[in-house]
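Trainee: Quick one: structure below, then a few questions.
Computed from the coordinates by the stated procedures, all read-outs in this text should not be read as laboratory data. The structure presented is a predicted model; accordingly, all values stated were derived computationally and were not measured. Heads up, the Cβs are rebuilt from the backbone with ideal geometry, glycines too, and the neighbour counts pull from every protein chain shown.
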Amino acid sequence: MRAIAVEKTHVGFSGWTKLGSGTYADVFSCVHDGSGERVAIKRVRRHLTAQGVDVPTLRELKALQEFAQTAHPNVLRLLGFFFSSGFDSARGAASAVHMALEFCPAGDLQGVIDDRATLLPPADVKAYMSMALAGLAHCHAHWVLHLDLKPANLLIGPGGQLKIADFGLARLYAGERAERFQTNVVTLPYRAPELLFGAREFDGAVDTWAMGCIFAELMLQQRFFTIRSGAVTPGWAESKAQLEAIFSVMGTPITENTTFAASKSGGGAALGEAASASAAAAAGAGAGAGAERRQWPSAPTLPAFAQFAPCDGISLARCFPAATPAALALLEELLMFDPARRADAKHALGSAFFGEAPDATAASALAAYRKHDC
Ligand SMILES: Nc1ncnc2c1ncn2[C@@H]1O[C@H](COP(=O)(O)OP(=O)(O)O)[C@@H](O)[C@H]1O
Ligand SMILES: [Mg+2]
C-alpha cells in the first residue's frame with residue numbers, strides 16, 4: 001500500500017466503524033476520501049499533555065516512522081498521523097493522536113489460535129512463524145525492540161500476510177550492547193525469564209522468547225506457560241508464579257552454582273538434597289532432557305534472582321508429540337534460558353524447520369482459507 005496524504009484532522013475520512021480496542025487505543029476502519037482507500041485509524045486514548053504528546057505514543061510513532069522508508073510486508077505500515085481536537089464530545093475538547101495504518105481486515109493471530117474448529121496444519125504454523133520472524137528480524141535490523149509480542153499484536157493483512165503491530169511499548173536501542181530499560185514490558189505469559197528476574201539490561205532476545213511462546217501456542221492452539229492459581233498481584237508474586245509456570249515445563253535453570261554444587265561436592269550443600277540430585281542429573285555427563293536450553297550461568301547476577309525447587313521439567317517431545325525434531329530444535333533455540341545464547345530472529349529463519357517438508361502455506365492460501373472458514 002502506498003503512502004497517502006493524511007489530513008490534519010479526522011475530516012477527510014468517512015465511514016468510521018470501530019474495529020477493536022486495546023490497552024491504550026480504539027481502532028476504527030475508515031475510507032480515506034482522497035484516495036478511496038480503506039485504512040485503520042488508531043486513536044490513542046491518552047490525552048495530549050501540556051508538554052505535548054505523551055512519551056509512549058511518541059515511542060510508537062518513532063518506531064513506526066523508523067520503518068516508513070523501508071516498508072516490510074510483515075510489519076504494519078504507518079501511513080500518516082494527525083492530532084484532533086474536540087473529536088470525541090464525551091471527552092470534551094481533548095486532543096488525541098490518530099495514526100492511519102494499513103487496514104488488516106482478517107483480525108489477529110489470537111483469532112487464528114482461538115478458532116478451535118480448525119486445527120492448524122503444520123504448513124500454516126510454518127507460514128505464520130516465518131512471517132512473524134521475518135517481521136521481527138526487520139524490526140531488530142532497524143534497532144527497534146517490540147517488547148509486546150503476543151498473538152493479539154500480530155495482525156493478518158488483506159493478502160493473508162502476518163503483520164507485526166502495536167509498537168506502544170517499543171524502544172529504539174543501540175544494538176551492540178544490552179540497554180537499561182524498565183522491566184514491566186511484555187505481557188506476562190510472553191515475558192522472558194531475564195525480565196521476570198528483574199533484568200534492567202536486555203536486548204532483542206526478549207522478543208525472540210515471546211516468539212518461542214507464540215510458536216508453542218500455534219502448535220498447541222492454547223497458552224503454553226500458564227499460571228494455574230488464577231490472578232496474582234503484580235510485582236514479584238506475579239513474576240514468581242510465571243517463572244514457576246515456565247520451570248515446571250522447561251526445568252529450572254542450571255547456573256554456575258548448580259554446576260559447582262553438582263560437580264564439586266556431589267552433595268550440593270548449597271542446594272539441599274533434592275536440588276543436588278536434580279542438578280547432578282542435569283549438569284553431569286550426558287545431561288538430561290533440555291539441559292542445553294537450561295544452561296544459564298549468569299542468572300544469579302540478575303537483580304531479583306531466586307532459587308526455585310529444582311526440577312527437570314518435561315521433555316518437549318512429550319509436550320508436542322506431532323512436532324518434528326527440527327520444529328523442536330527451533331523451539332528449544334527460541335526458548336533458551338540464557339538470553340546470550342537464545343537464537344535471534346535472523347538465525348531462527350535459517351533453521352532446518354523452514355527447510356524441511358511441508359513447505360509453508362502461501363499467504364494468499366491462508367487468506368482464502370480464513371475467509372472460507374468465517
Ligand atoms: N491496522 C489494523 N487493522 C485492523 N484492526 C486493527 C488494526 N490495528 C489494530 N487493530 C485492532 O485493534 C486492536 C487494538 O490495537 P493495538 O494496536 O493492539 O492497540 P493497543 O495498544 O491498545 O493494544 C487490535 O488487537 C486489533 O484487533
Ligand atoms: Mg495491542
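Trainee: Please give the net charge around Phe337, taking every other residue with its beta carbon less than 14 angstrom from that of Phe337, where Lys and Arg add +1 and Asp and Glu add -1. Spell out each step's value before the answer.
Mentor: Values: positive: Arg191, Arg293, Arg294, Arg341, Arg342; negative: Glu194, Glu256, Glu292, Asp312, Glu332, Glu333, Asp338.
Net of charged neighbours comes to -2.
Trainee: Right, here's the next one. Just the number: Rg to Rh for the range 142-251, Cα atoms, Kirkwood Rh, two decimals.
Mentor: Working: Rg = 14.4 Å, Rh = 14.8 Å.
Checking Rg against Rh, the ratio lands at 0.97.
Trainee: Also, I was wondering about something else. Using DSSP to define loop residues, name the GluC sites (Glu not before Pro) in the range 301-374 whose beta-carbon has at most 15 other beta-carbon atoms within 10 Å. List each step's numbers first, then the result.
Mentor: On the way: sites: Glu332, Glu333, Glu356; in loops: Glu356.
Hits after loop and neighbour filter: Glu356.
Trainee: Mind listing which GluC sites (Glu not before Pro) in the range 131-201 are in a DSSP loop and have 12 or fewer other Cβ atoms within 10 Å? It would help to have the intermediate numbers written out before the result.
Mentor: On the way: sites: Glu176, Glu179, Glu194, Glu201; in loops: Glu176.
Passing both the DSSP loop test and the Cβ count: Glu176.
Trainee: Oh, and also: For the range 110-195, state which trypsin sites (Lys or Arg not before Pro) are in a DSSP loop and have at most 13 other beta carbons lying within 10 Å of their beta carbon.
Mentor: Details: sites: Arg116, Lys126, Lys163, Arg171, Arg177, Arg180, Arg191; in loops: Arg116, Arg177, Arg191.
Sites meeting the loop and neighbour criteria: Arg116, Arg177.
Trainee: Which ³J(HN,Hα) values in Hz, rounded to whole numbers, follow from the phi angles of the range 139-151 under the Karplus curve 6.51 cos²θ - 1.76 cosθ + 1.60, where θ = phi - 60° and Gly and Pro get x?
Mentor: So the Karplus estimates, Gly and Pro as x, are 4, 5, 5, 9, 6, 10, 8, 7, 6, 8, 6, 6, x Hz.
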